[in-house]
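The values are calculated or read from the model by the stated rules, or taken from the named source; none is laboratory data. Since the model is a prediction, treat every value here as computed from it, not as a measurement. Here the Cβ is made from the backbone with ideal geometry for all residues, glycine too, and neighbour counts use every protein chain on show. SASA here: full protein model, heavy atoms, side chains in, ligands and nucleic acids out. Shrake-Rupley method; radii C 1.70, N 1.55, O 1.52, S 1.80 Å.
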Amino acid sequence: KQEVTQIPAALSVPEGENLVLNCSFTDSAIYNLQWFRQDPGKGLTSLLLIQSSQREQTSGRLNASLDKSSGRSTLYIAASQPGDSATYLCAVSNDYKLSFGAGTTVTVRA
Amino acid sequence: EPEVTQTPSHQVTQMGQEVILRCVPISNHLYFYWYRQILGQKVEFLVSFYNNEISEKSEIFDDQFSVERPDGSNFTLKIRSTKLEDSAMYFCASRARLQETQYFGPGTRLLVL
């Protein structure tokens, strides 16, 4: 059974600092890995998807890396802003069924 | 931009009652999913659906649960006899053929009393 772990559980940084969010998974036979943002009481917004054959994916200030053999992914958010405050979820796809981590709750202080 | 929609946004029901949660996936998507998130816990996969049949279901998705695509646009999750532990946020997601990203709806918060 796929297990997904996200560290740290919570993170508080001053505005402008870069964010580093970690995700690890136990079964490396994945189709892809997806990073989501979740605001309190809201749905999941897809941020980035990295296919299993890719090492990296970028969108604006966001960059995600994937090391499938070691079962790790990292989400980097450059020059954080208060609007980046949210919970970030990592999800890995085995046969298109997503297994989620518990998330990292980020607070960016103005 | 097309998005997945879900109704209702909130539902309160009595234990033992039936509830139907509704989803309208993105129009050209062919793969549909239900997930749930119990308060303070991880998002969990419930079921996937393609070509009018269930592709895969989790251990959570027992005989009390069913899914249906009653017409060309709606995708529903029915819980036949709700239990207290069914209280959760239920998310619908959809995916296009030949694409891997799953797009999630805003969720339905179900409270079973």
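Things worth noting here:
- The GNM of chain A, with springs linking C-alpha atoms under 10 angstrom apart, assigns the highest mean-square fluctuation among A:Lys68, A:Lys97, A:Lys42 to A:Lys42.
- Dipole size of the protein assembly as shown about its Cα centre, with +1 on Lys/Arg Cβ and -1 on Asp/Glu Cβ: approximately 140 debye, rounded to the nearest 20.
- Anchor A:Lys68: aspartates and glutamates whose Cα lies under 19 Å away (excluding residues fewer than 8 positions away in-chain): A:Glu3, A:Asp27, A:Glu56, A:Asp95, B:Glu100
- For the range B:21-109, the alpha-carbon coordinates run over 37, 25, 20 Å along the three principal axes, in decreasing order.
- Summed over both chains, the accessible area lost when A and B associate is about 1600 Å², using a 1.4 Å probe.
- Annotation for B:Ser9 and B:Gln64: the two label points, set 7 Å from Cα along the Cα-Cβ direction, are 2.7 nm apart.
- Equivalent ellipsoid, the protein assembly as shown (semi-axes from 5 times Cα gyration tensor eigenvalues, Å): 30, 20, 16
- Distance between the modelled labels on B:Ala96 and B:Gln17, one decimal in nanometres: 3.9 nm (7 Å Cα→Cβ projection).
- From the largest down, the range A:1-83 spans 37, 25, 21 angstrom on the principal axes of its Cα atoms.
- Simple spin-label estimate for B:Lys78 and A:Ala78 gives 5.2 nm between the two label positions (7 Å along the Cα-to-Cβ direction from each Cα).
- Heavy-atom surface of the range B:20-66, accessible at 1.4 Å and reported per residue (Å²): 53 Å²
- Residues of the range B:25-51 that bury at least 50 Å² of accessible area when the other protein chains are present, relative to the chain alone (probe 1.4 Å, heavy atoms, ligands and nucleic acids excluded): B:Lys42, B:Val43.
- Sulfur and carbon atoms: percent of accessible area, the protein assembly as shown [1.4 Å]: 47 percent
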